[in-house]
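Trainee: The structure's right below; bear with me while I get my questions together.
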Amino acid sequence: MVRALFFVLLVLPAFATANTTLKISTLYPAGTYAVEQLRAASAAMAAETEGRVRLQIYPGGVMGDDQAVLRRIRIGQLDGLVAQSGAISHLHGDLQLYNLPFLFDSVADVDRLRAEWDSKLLARLSTLGWQGFGPIDGGFAYIMSQEPIEDQSDLNAARLWVPANSTAPLFAQALGLRPISLPIGEVLTSLSTGGIDSIVSPVPAALTLQWHSRVEYLLNQPIIYTYALVLLSERSFRTISEADRAVVHRILTAYAADMDQRSRQDNNAAFAAIGQQDVNIMSSNEQIKAELLSARSRVYQILHDEGALSDEGLDAALNFISTL
């Protein structure tokens, strides 16, 4: 008995001081501000926990897309990711709240709803086994086209690509459109060959992926607000001590806040830049805006009826647009 007790006392400190490396995947490429700040967050964690906790970053999508990464997390190969909201909307329908089409006219509108709902979205994730940090601003997605979009007939004639992991396909269908589904890697070629002639995209993505070089017009009417979250598996999070969890939570919260601010600055700069790249920024006239908004509430109700938006989420969306 004495020998057994001695063994337990001998082993316990080893568990208490065991080092933990949290493996985090992101689509952000190596060398970008987002990845360098994640590395800085890791260094801060290691310093404050005396080396017990640090991050291992897998940048540039080397672990696969968000769905592949989620599968790796489920089987314990990874501990977390920086995820686009559309890719994780299946975790809880209300994660689509900010992505609802034509919910916002401006960043001021975004800030007004986020002040109320950011904490609610993170709380919903917590009940599903995730520690969430953010959101991180992704900017607005706009319609960009090779021909001007001035009314519904122009939209009907457009060969429009929309991102699959978003509410955009449903909204396009509600307008009577037939959006074209393509992998992201095929969009530039299809714009060049005429397979598509218009896209719905955030401006930074259009610049990074060179899509802007194949369009001539941008309709200055926000379609969808995009955002990202940093997610840690609760299972992995619980492997570290309570004191160290507090350090990790504080540092990742600060990281997400920094990235949120930086991303908004980058989005504003990208919008200014695309206007200097032979892309004509068209003001949204009242006719096209009214036609686009005509399907808004209908799409929200469909999402709710399909279980992709809670009663509270639907009420929040409808109440919000009534104040615009």
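Taken together, the values in this text are just the output of simple stated rules run on the coordinates, not laboratory data. Bear in mind that the values here come from a model prediction, so they are computed numbers and not experimental data. So basically every Cβ, Gly included, is an ideal-geometry build from the backbone, and we count neighbours across all protein chains shown.
Trainee: For the pair Glu216/Arg238, report the inter-label distance in nm, with labels modelled 7 Å from Cα in the Cβ direction.
Mentor: 5.9
Trainee: Moving on. State the Kirkwood hydrodynamic radius of region 101-176 in Å, one decimal place, computed from all pairs of distinct Cα atoms.
Mentor: Radius from the Kirkwood sum: 15.2 Å.
Trainee: Local charge sum around Glu286 (other residues, Cβ-Cβ under 12 Å, Lys/Arg +1, Asp/Glu -1)?
Mentor: The answer is -2.
Trainee: Could I ask something else about it? Under a point-charge model restricted to the Cβ atoms of Lys and Arg (+1) and Asp and Glu (-1), what is the dipole moment magnitude of the chain relative to its Cα centre, in debye to the nearest 20?
Mentor: Dipole about the Cα centre, nearest 20: 1440 debye.
Trainee: Ratio of alpha-carbon Rg to the 2.2 N^0.38 Å globular estimate for the chain, to two decimals, please.
Mentor: In units of the 2.2 N^0.38 Å rule of thumb, it is 1.12.
Trainee: Now for a separate question. Between rounded, prolate and oblate, where does region 186-324 land on the alpha carbon gyration tensor, with a ≥ b ≥ c its root eigenvalues, rounded for a/c under 1.5, else prolate if a/b exceeds b/c?
Mentor: It is oblate, given that a/c is not under 1.5 and a/b is not larger than b/c.
Trainee: Report the extension gain between Ser119 and Ala30 in nm, rounded to one decimal, defined as 0.36 nm multiplied by the number of residues separating them, less their alpha carbon distance.
Mentor: So the chain would gain 29.1 nm between Ser119 and Ala30.
Trainee: Tell me, what does the Kirkwood hydrodynamic radius of region 46-130 come to in angstroms if you use every pair of distinct C-alpha atoms?
Mentor: Evaluated over region 46-130, this radius sits at 15.2 Å.
Trainee: Quick check: residue separation of Thr208 and Thr127 times 0.36 nm, minus the Cα distance between them. What number comes out in nm?
Mentor: 25.6 nm
Trainee: Right, something else. When the chain is modelled as a GNM with alpha-carbon springs shorter than 10 Å, which of Met259, Met144, Met63 fluctuates the most?
Mentor: Met63
Trainee: Which listed residue (Ser236, Trp161, Ser126) has the Cα farthest towards the positive end of the charge dipole for the chain, taking +1 on Lys and Arg C-beta and -1 on Asp and Glu C-beta about the Cα centre?
Mentor: Projecting each Cα onto the dipole axis, the largest value belongs to Ser236.
Trainee: Would you mind computing, in nm to one decimal, how far apart the modelled labels at Gln301 and Ala269 are, each placed 7 Å from Cα along Cα→Cβ?
Mentor: 4.5
Trainee: Kindly state, to the nearest 0.05, the FRET efficiency for Ala108 paired with Arg74, given R0 = 35 Å and r defined as their beta-carbon distance.
Mentor: 0.35
Trainee: With bins 10 Å wide starting at 0, give me the P(r) of region 264-324 over every alpha carbon pair, in whole percents.
Mentor: That works out to 18, 28, 30, 23, 2, in percent per bin.
Trainee: Which one, Met144, Ala87, Ala290, projects farthest toward the positive side of the charge dipole computed for the chain from Cβ point charges (K/R +1, D/E -1)?
Mentor: Ala87
Trainee: Given a Förster distance of 56 angstrom, what is the FRET efficiency for Ser322 paired with Ala18, based on the Cβ-Cβ distance and rounded to 0.05?
Mentor: It comes out at approximately 0.55.
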